[in-house]
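> I am attaching a structure below and will ask some questions about it afterwards.
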Amino acid sequence: MTDFGSATVGFLGLGRMGAPIAANLLGHVGTLLVHDISPAAVDALVMKGAKAAGSAEALGRQCDVVFMSLPTPAIVRAAAGEVIAGGSPRIVCDLSTSGPQLAQELHALLAPLGVASFDAPVSGGIRGAEQGTLAIMVGGPQALYPELEPLLRAIGNPFFLGETPGAGQVAKLANNLLSLAAIATTAEAMTLAIKAGLDPARMIEVLNAGTGANSATRDKWPRAVLPRTFDFGFSAQLSLKDTRLALAEAQAMGVPLPTGERLATLLDRVLATYGDAADFTAMAKVIEADAGLDPERT
């Protein structure tokens, strides 16, 4: 069994989620090597105690385990190829939401090389990444999971879901559907209340005291919708990517997802109206506009 407390661990992808996750690994590994296309992101982690790897290939060459936190399946696929071009780490763990199909591809790519592949997408947002409280949905070889688990506990609360490649990804896509549906239904309920003349802040208090409470009423509305900033920290573009991954997986399994289809349409409208940089909480603005409310009101 490898002791990753004294091992060299790599981290690829230092974006809004990856950077705080990587920072939480510091102190739990012997050496943390990091790489990102942004030199500034790498420099920020180096200032905290990490070391710059220089390339994804260098991570594969020098590390016992490599984590990836990247925005799209295509980028994850390419990055994994670069990692193994440099060498064969003992474990590659994908923290991205990249879908079960890619998890199966990575397993097929890595297993013949003696590299264990884990899919371990995370939920909890930037705040959860910063605080080390992410929910981590894990699929991969059970025999090696006890070696990886201490590192995952440094960044959150892992749930092992089985050895089937993609098990973690399916769980994450299901989680994301519920999270997005909460935003959409909360927006509809709040729009109904506002049109009836009720105070938005008071209405959120009511919902959070009753059975209507959910992740959107507890967190997203107070932080990003009530103040009309719509800057919770997760893009509508990535939300649409995740929803399409869920729809593709559901279609392959013969599972109708009518709510998922509606969420994809709603996110398409958000991007068409507010641009690629729009936050996923802007779904509320589209729903409000449909009801005749001014989404740009303060």
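> For helix 39-48, report the angle its Cα long axis makes with the longest principal axis of the Cα atoms of the chain; keep it between 0 and 90° and round to the nearest 10°.
So the helix axis and the longest Cα principal axis differ by about 70 degrees.
> So, how do all the Cα-to-Cα distances of the stretch 70-141 break down into 5 Å bins, in percent, from 0 on up?
Cα pair-distance distribution for the stretch 70-141, in percent: 4, 16, 27, 23, 17, 10, 4, 0.
> Right, something else. Would you list, by chain and number, the lysines whose Cα falls below 26 Å from the Cα of LYS285, excluding same-chain residues fewer than 8 positions away?
Within the straight-line cut-off, LYS285 pairs with LYS172, LYS195, LYS220, LYS241.
> I'd like the orientation of helix 167-195 relative to the chain: the angle between its Cα long axis and the longest Cα principal axis, in ° from 0 to 90, rounded to 10.
20
> Cα-Cα pairs above 32 Å in the chain: how many percent?
30
> Over the stretch 101-163, what portion of Cα pair distances is larger than 13 Å, expressed as a whole percent?
The calculated P(r) of the stretch 101-163 puts 62 percent of pairs beyond 13 Å.
> Taking all pairs of distinct Cα atoms, average 1/r, flip it, and tell me the Kirkwood hydrodynamic radius of the stretch 235-295 in Å to one decimal place.
Values: mean 1/r = 0.0833 Å⁻¹.
Over the stretch 235-295, the inverse of the mean reciprocal pair distance is 12.0 Å.
> Once the other residues with Cβ under 15 Å from the Cβ of ALA171 are scored (Lys, Arg +1; Asp, Glu -1), what is the net sum?
Surrounding charge for ALA171 is -4.
> Now for a separate question. Separation of the stretch 135-149 and the stretch 28-91 by C-alpha centroid, Å?
19
> About its Cα centre, what dipole magnitude does the chain give when the only charges are +1 on Lys and Arg Cβ and -1 on Asp and Glu Cβ, stated in debye to the nearest 20?
I would put it at about 340 debye.
> Using Cα-Cα distances under 8 Å and only pairs 6 or more residues apart, what relative contact order does the chain have, in percent?
13
> If you average 1/r over all unlike Cα pairs in the stretch 203-249 and invert the result, what Kirkwood radius do you get in angstrom?
On the way: mean 1/r = 0.0823 Å⁻¹.
Evaluated over the stretch 203-249, this radius sits at 12.1 Å.
> Just the Cα atoms of the stretch 75-219, one point each, no solvent: what log10 I(q)/I(0) does Debye give at q = 0.12, 0.14, 0.15, 0.20 Å⁻¹?
Debye curve over Cα of the stretch 75-219, log10 I(q)/I(0) at q = 0.12, 0.14, 0.15, 0.20 Å⁻¹: -0.59, -0.72, -0.78, -1.13.
> Could you work out how far helix 258-274 tilts from the main Cα principal axis of the chain, as a 0 to 90 degree angle to the nearest 10?
80
> Can you give the calculated 222 nm mean residue ellipticity of the chain, where each DSSP H run of n ≥ 4 adds -39,500 (n - 2.57) and the sum is split over every residue, rounded to the nearest 500 deg cm²/dmol? Numbers along the way, then the final one.
On the way: 12 runs with 148 residues, N = 298.
Per the formula, -15500 deg cm²/dmol.
> Along each principal axis of its Cα atoms, how long is the stretch 8-164 end to end? Whole angstroms, biggest number first, please.
37, 31, 28
> Jot down the radius of gyration and Dmax of the stretch 170-290, Cα atoms only, both in angstrom.
14.3, 45
> Evaluate the charge dipole of the stretch 170-290 about its Cα centre and quote only its size in Debye, nearest 20, assuming +1 on the Cβ of each Lys and Arg and -1 on the Cβ of each Asp and Glu. Walk me through the numbers on the way to the answer.
Working: 12 positive and 13 negative charges, 23 e Å.
About 100 debye.
Coordinate-derived values only; no laboratory data. No experiment lies behind these values; they were computed from the predicted model shown. Counting neighbours? That spans all protein chains shown, and the Cβs are built from the backbone with ideal geometry, glycine included.
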